[in-house]
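To start, the structure under review is shown below, and the notes come after it.
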Amino acid sequence: MDNTNPQNQQGQTGQQQGQPPVDQTPPAQMPANFPPAGQMPASGANPFAGMSGMPPPPPPPPEDNTPANFQLGALFKDPIKIKLQPHPDTKFEDEKFLMLLASSISLSRLEKKRIIEAVPKLQQWQVDELINIFEEEKQKFAQLSKRHVPQLEKLAKQHYEEWRDIELEDVKTEKAQEDKGKADEIRKKLGL
């Protein structure tokens, strides 16, 4: 036995100590189109192609990316009922601003209410920026493909219903303030 070869010494030592010899045979060769161990094949690659003699399956048809031209705010047929508080430091069309705000599907109900309440305190550049963001949102959603339409319709309906709830709350608050004003006036006349 050749004791000068380190592998032989290891093998003999391992055998002498009750351990199996280290396997020195090379691993089986995989087909060239197989990825290395632990990695996924490249997208679209079929590592089994050619192994069974069958051709690879045809690629899926390309997705239709034609813009659906989905219009946010299409559900708002009636005029917006909410009236903004006076905002003497800013100039913009209240109705347009409210329609853009109501149509937004990126803002929550609470965020929309906060914006309505904040309008009198906003500066012109802030209002302009909000309008730009709302218009950009409309454009971006209009550019989405048709496969997104069902989800967009669901979101638009949800936000439409939330906006109608905001309007109902606003009407109730306005009515309560009006009733309180009338009651205060009656008390004043009666000397109470």
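Scanning the stretch 154-163 for residues that are closer than 15 Å to LEU75 by Cα, out of contact with any Ser or Thr (no Cβ under 9 Å at 6 or more places or on another chain) and modelled with pLDDT under 90 turns up at least one hit. Reported count of residues in the stretch 53-97, each being of a type in the set (Phe, Trp, Tyr), assigned to a loop (DSSP other than H, G, I, E, B) and either at pLDDT 90 or above or within 19 Å of ASP165 (Cβ to Cβ) (or both), is 2.
Which of the residues that make up the stretch 98-113 are under 22 Å from LEU152 (Cβ atoms) and assigned to a helix (DSSP H, G or I)?
Going residue by residue through the stretch 98-113, those that are under 22 Å from LEU152 (Cβ atoms) are 98-112.
If the condition is that a residue be under 22 Å from LEU152 (Cβ atoms) and assigned to a helix (DSSP H, G or I), then LEU98, MET99, LEU100, LEU101, ALA102, SER103, ARG109, LEU110, GLU111, LYS112 are the ones that fit.
Here's the yes/no breakdown for (1) under 30 Å from THR173 (Cα atoms); (2) among the hydrophobic types (A, V, I, L, M, F, W, C); (3) surrounded by 13 or more Cβ atoms within 10 Å (Cβ to Cβ); (4) touching a residue at least 60 places away in the same chain (Cβ under 8 Å):
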{"position": "GLN71", "(1), (2), (3), (4)": "no, no, yes, yes"}
{"position": "GLN85", "(1), (2), (3), (4)": "yes, no, no, no"}
{"position": "LYS96", "(1), (2), (3), (4)": "yes, no, yes, no"}
{"position": "MET99", "(1), (2), (3), (4)": "yes, yes, yes, no"}
{"position": "VAL127", "(1), (2), (3), (4)": "yes, yes, yes, no"}
{"position": "VAL149", "(1), (2), (3), (4)": "no, yes, yes, yes"}
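Could you please find all residues in the stretch 114-127 being among the hydrophobic types (A, V, I, L, M, F, W, C) and either under 20 Å from GLN139 (Cα atoms) or part of a loop (DSSP other than H, G, I, E, B) (or both)? Of everything in the stretch 114-127, those that are among the hydrophobic types (A, V, I, L, M, F, W, C) and either under 20 Å from GLN139 (Cα atoms) or part of a loop (DSSP other than H, G, I, E, B) (or both) turn out to be LEU122, VAL127.
Scanning the stretch 76-113 for residues that are out of contact with any His (no Cβ under 9 Å at 6 or more places or on another chain) and among the hydrophobic types (A, V, I, L, M, F, W, C) gives PHE76, ILE80, ILE82, LEU84, PHE92, PHE97, LEU98, MET99, LEU100, LEU101, LEU110.
Return yes or no: is THR66 touching a helix residue (DSSP H, G or I) at 6+ places or on another chain (Cβ under 7 Å) and exposed (fewer than 11 other Cβ atoms within 10 Å of the Cβ)? In short, yes.
Residue count for the stretch 114-147 under the criterion of being of a type in the set (D, E, K, R) and under 18 Å from HIS159 (Cα atoms): the result is 6.
The values are calculated or read from the model by the stated rules, or taken from the named source; none is laboratory data. Because the structure is predicted, anything quoted here is derived from the model rather than measured. Positions of Cβ are generated from backbone atoms using ideal geometry, with glycine treated the same way; all protein chains shown enter the neighbour counts.
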